[in-house]
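K.L.:
Below are the structure tokens for one structure; questions will follow.
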Amino acid sequence: MADTADLTGKRVLTIVTSYGVEQDELVVPLEHLRAAGARVVVASNEAGEVRTLVGDKDPGRTVPVDATYDEVDPADADLLLVPGGTINADTLRLQEEAVGIVEKFARSGRPVAAICHGPWALVEAGCVRGATLTSYPSLATDVRNAGGTWVDRPVVLDDGAGFPLVTSRKPDDLDDFLGQVDAVLTR
């Protein structure tokens with residue numbers, strides 16, 4: 001990845017569930033953003049640790065949870081990060097508090113970044129109408145049915161839904177994804 005932006009003073013809220021996040025879609029952005037000076041809060045449905053997976057099946061690293069959903073205020077962050085992992089994303093979209101965080105964030109006009117299956121939470125929150133985005137290919141129909149335009153690209157930055165939305169397809173796209181996350185945080 002190219003030079004990292006200076007994100008000192010930027011605040012990022014990451015929402016996940018306690019099990020099933022794709023390891024690199026959580027760990028790589030956390031390490032990147034923190035190394036650039038951002039304050040990143042990992043919020044989950046349960047206190048303790050997030051148990052990540054590699055390829056949706058093999059055990060990955062654990063990541064400490066900073067807060068539960070009910071302990072965070074979306075207004076305290078500059079960007080919302082929604083990692084994927086099939087199990088995580090499917091569970092996340094069923095968590096009423098998590099979907100509420102996505103909805104509040106999008107309505108406020110602040111940027112949201114979602115990768116792989118992460119856009120499912122935006123679909124559930126009704127936040128993709130008018131947006132062009134990408135995701136893991138299996139979400140294409142869901143995105144279209146929710147009023148968005150799905151494209152197959154490594155990264156998409158779009159403002160069509162009324163807020164900056166950065167999306168990517170998979171862990172292989174993380175360099176492009178993080179480049180766009182840096183860009184929206186330094187606008």
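Readers should treat all values here as calculations from the given coordinates under stated rules, not as data from a laboratory. Because the structure is a prediction, the values reported are computed rather than measured. Here the Cβ is made from the backbone with ideal geometry for all residues, glycine too, and neighbour counts use every protein chain on show.
K.L.:
List every residue whose amide H lies under 5 Å from the amide H of E49, counting only residues 5 or more places away in sequence or on a different chain, with H placed 1.01 Å from N in the peptide plane.
P.N.:
When sequence neighbours closer than 5 places are left aside, the close amide H contacts are V65.
K.L.:
Is the range 90-160 best put as rounded, prolate or oblate by its Cα gyration tensor, with a ≥ b ≥ c the root eigenvalues, rounded for a/c under 1.5, and otherwise prolate when a/b is larger than b/c, oblate when not?
P.N.:
Here the range 90-160 falls in the oblate category.
K.L.:
While we're looking at this one, here's another question. Straight-line reach only, C-alpha to C-alpha below 21 angstrom: list the lysines that K10 could link to, leaving out same-chain residues fewer than 8 apart.
P.N.:
Candidates past the 8-residue exclusion: K104.
K.L.:
Further, regarding this structure: About its Cα centre, how strong a charge dipole does the chain have in debye, to the nearest 20, once Lys and Arg get +1 and Asp and Glu get -1 at the Cβ?
P.N.:
So the dipole magnitude of the chain works out to roughly 360 debye.
K.L.:
Go through the range 56-67 residue by residue and turn each phi into a ³J(HN,Hα) via Karplus (6.51, -1.76, 1.60, θ = phi - 60°); whole Hz please, and just put x for glycine and proline.
P.N.:
So the Karplus estimates, Gly and Pro as x, are 6, 9, 8, x, x, 5, 9, 10, x, 8, 8, 6 Hz.
K.L.:
While we're looking at this one, here's another question. Which whole-Hz couplings ³J(HN,Hα) result when phi for each residue of the range 93-98 is put into the Karplus expression 6.51 cos²θ - 1.76 cosθ + 1.60, θ = phi - 60°, listed in order with x for Gly and Pro?
P.N.:
Values, residue by residue: 6, 9, 8, 3, 5, 5 Hz.
K.L.:
Considering only C-alpha atoms, what is the centroid distance from the range 64-135 to the range 1-52, in Å?
P.N.:
13
K.L.:
Could you please report the charge total around G162, scoring K, R as +1 and D, E as -1 over all other residues with beta-carbon less than 10 angstrom from its beta-carbon?
P.N.:
+1
K.L.:
When a/c reaches 1.5 or more, the comparison of a/b and b/c decides; with that in mind, is the chain rounded, prolate or oblate per its Cα gyration tensor? Walk me through the numbers before you get to the answer.
P.N.:
Values: a/c = 1.20, a/b = 1.09, b/c = 1.10.
Rounded shape, in that the Cα axes give a/c under 1.5.
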